[in-house]
Amino acid sequence: MPFTLPELPYFYTALEPYIDAKTMEIHYSRHHKAYFDKFMTAIINTELEQQSLHDIFASVSQHSSAVRNHGGGFFNHNLYWQCMSPNGGGQPSGLLAEAINCHFGSFEHFKTAFSEAAANHFGAGFTWLSVSDGRLEITTTANQDNPLMDVVEHRGEPILALDVWEHAYYLSYQNKRPDYIEAWWHVVDWQQVELHFVEALQRL
């Protein structure tokens, strides 16, 4: 197979009490796996089997809705899981901290802006911190779109992803998305996000 479904990097229970085990199990083993399986079906025996996700998304407007939706779902969840850890929380350090302070004034200003973008996003989608033209930018996308796609208004290299689909939080938080967002900050893996940041800078 051209792509593989990565294993979840921690146990389903690892992010409790902030994200409950049942939500993690359903989200990964059903939702994420379904996106992966349908993406594989959409690209099997096509030229897309030999392309990277970056290349596929760069011209996703030329491909089927299945490639866009399920390929996006596959990639977006991969990044979402990577950006969380049972040892997460706190604040970033190093180059990422410097960039956040430079572009947003302070970590607290960034956190407020990111939380507001996530809370106010209408319907299903994701909130992103991306590198765009060398700067950090907060954006949101609908459904399973992401900043790598040529169909979105603000493109960039995503380094942090927050899933705001209801299935990501409804069992514990019901319709209280802001409570889920506040809890999520406790599990953000800033060391991993900084690695994404460095990799994004190298792609420029």
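Here are the numbers for the structure shown:
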| item | result |
| --- | --- |
| Set of aspartates and glutamates near Lys22 by C-alpha distance (under 15 Å), chain-local residues within fewer than 8 positions excluded | Glu166 |
| Distance (nanometres) between label positions extended 7 Å along Cα→Cβ at Glu166 and Ser52 | 3.8 nm |
| Longest segment of the chain lacking GluC sites (Glu not before Pro) that sit in a DSSP loop with at most 14 other Cβ atoms within 10 Å | 8-152 |
| The chain, helix-only ellipticity at 222 nm - DSSP H runs n ≥ 4, -39,500 (n - 2.57), divided by all residues, nearest 500 | -13500 deg cm²/dmol |
| In the range 62-130, chymotrypsin sites (Phe, Trp or Tyr not before Pro) in a DSSP loop with at most 14 other beta-carbon atoms within 10 Å | Phe122 |
| Mean Cα-pair separation over length for the range 19-204, i.e. relative contact order, pairs under 8 Å, 6 or more apart, % | 27 percent |
| Neighbourhood charge, 10 Å Cβ-Cβ cut-off, centred on Tyr180 and excluding it, Lys, Arg +1 and Asp, Glu -1 | -2 |
| ³J(HN,Hα) computed for each position of the range 122-128 - Karplus, 6.51 cos²θ - 1.76 cosθ + 1.60, integer Hz, glycine/proline x | 7, x, 7, x, 9, 10, 10 |
| 3J(HN,Hα) from dihedral phi, the range 158-171, Karplus parametrisation 6.51/-1.76/1.60, rounded to Hz, x for glycine, proline | x, 10, 9, 10, 10, 7, 10, 5, 4, 5, 6, 8, 5, 4 |
| Whole-Å distance, taken between Cα centres, linking the range 136-204 and the range 29-43 | 20 Å |
| Per-residue Cβ neighbour rank within 10 angstrom, fewest leading, Tyr170, Tyr35 | Tyr170, Tyr35 |
| Fewest-first ranking of Ile44, Ile138, Ile56, using other Cβ atoms within 10 Å as the exposure measure | Ile44, Ile138, Ile56 |
| Over 31 Å [Cα-Cα, the chain], rounded percent | 14 percent |
| Table column - 3J(HN,Hα) (Hz), the range 191-204, Karplus curve with 6.51, -1.76, 1.60, x for Gly and Pro | 5, 5, 5, 5, 4, 4, 4, 5, 4, 5, 4, 5, 7, 5 |
| Residue order, fewest to most beta carbons within 10 Å, for Cys83, Cys102 | Cys102, Cys83 |
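Computed from the coordinates by the stated procedures, all read-outs in this text should not be read as laboratory data. Note that this is a predicted model, so its numbers are computed, not measured. We place every Cβ from the backbone using ideal geometry, glycine too, and count neighbours over all the protein chains shown.
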